[in-house]
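A.B. asks: There's a structure below that I have some questions on.
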Amino acid sequence: MYIPPIFKHDNVSEIRKFISENGFGILINQVDGKFWGTHIPLILQMDEDGSSYLFGHVAKANKQWTNFQNDQEVMAIFTGPHGYISSSWYSKENVPTWNYAAVHIYGKIQILNQDELMNSLKILTNKYEHGRSNPVRVEGLSEKTLKQNSGLIGFKIKISEIQSARKLSQNRNKADHDNIIAQLNNSEDRNDQDLANEMKKDQQ
């Protein structure tokens, strides 16, 4: 993606944290010569050899998987808080803009066998059930319920390239930057408040 140098983000540990916190991504490949995207949760993991992978699954009814040829390159997109920035919040006249944080990941895809799929489902479920009052565990589901997994195709993506952008008013002076955060915090829109918190991270 196009990333002006001032908004380019290269901190690997922060990118991994961003993906973990914004794990509902978009998986993109080509199906019959057209781009195809599916909105799905994706889990980032590191293999024993240090290689990084994204794990996920789609329904067999989703035509996208029929074009999952092993070692085909695909793209996954993750987005974080974003929002409109009014130029009325600047100390000098300028144009409005949009702040956002996003990560694009490229890699080769491989289809998982049933055991690998089951393991990835356990990891995914445990992540999002953590801290709930009555957490569901895959191991505790009945055989009848688990039969639904036969309708899934699991996959992993060996990551070859990561592109990360954080456009969070780094090009504004401190007074403008602080005022943008204050204005976003005063908004009743939860996404604006989340964006303000994301901007605060760059001040730490």
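A.B. asks: How much net charge surrounds Asn126 when only the other residues with a Cβ under 13 Å from the Cβ of Asn126 are counted, with Lys and Arg +1 and Asp and Glu -1?
C.D. replies: It works out to a net charge of +2.
A.B. asks: Also: Nearest 500 deg cm²/dmol is fine: what mean residue ellipticity at 222 nm does the chain get from its DSSP H runs of n ≥ 4 alone, each adding -39,500 (n - 2.57), divided by its residue count?
C.D. replies: When only DSSP H runs of four or more count, the value is -8000 deg cm²/dmol.
A.B. asks: At what distance in nm do the modelled label points of Ile26 and Lys201 sit from each other, each positioned 7 Å from its Cα along Cα→Cβ?
C.D. replies: 2.0 nm
A.B. asks: On a 0 to 90° scale, report how tilted helix 12-21 is relative to the longest principal axis of the chain, with both axes built from alpha carbons and the result rounded to the nearest 10.
C.D. replies: Computed tilt is about 70 degrees.
A.B. asks: Mind jotting down a quarter of the surface of the convex hull over the alpha carbons of region 5-170, in square nanometres, one decimal?
C.D. replies: 13.2 nm²
A.B. asks: Which ³J(HN,Hα) values in Hz, rounded to whole numbers, follow from the phi angles of region 39-45 under the Karplus curve 6.51 cos²θ - 1.76 cosθ + 1.60, where θ = phi - 60° and Gly and Pro get x?
C.D. replies: Those phi angles translate into 8, 8, x, 10, 10, 8, 9 Hz.
No lab work stands behind these numbers, since they all come straight from the coordinates. Small disclaimer: the values here were computed from a predicted structure and weren't measured. Using ideal geometry, Cβ is built from the backbone for each residue, glycine included, and neighbour counts are taken over all protein chains shown.
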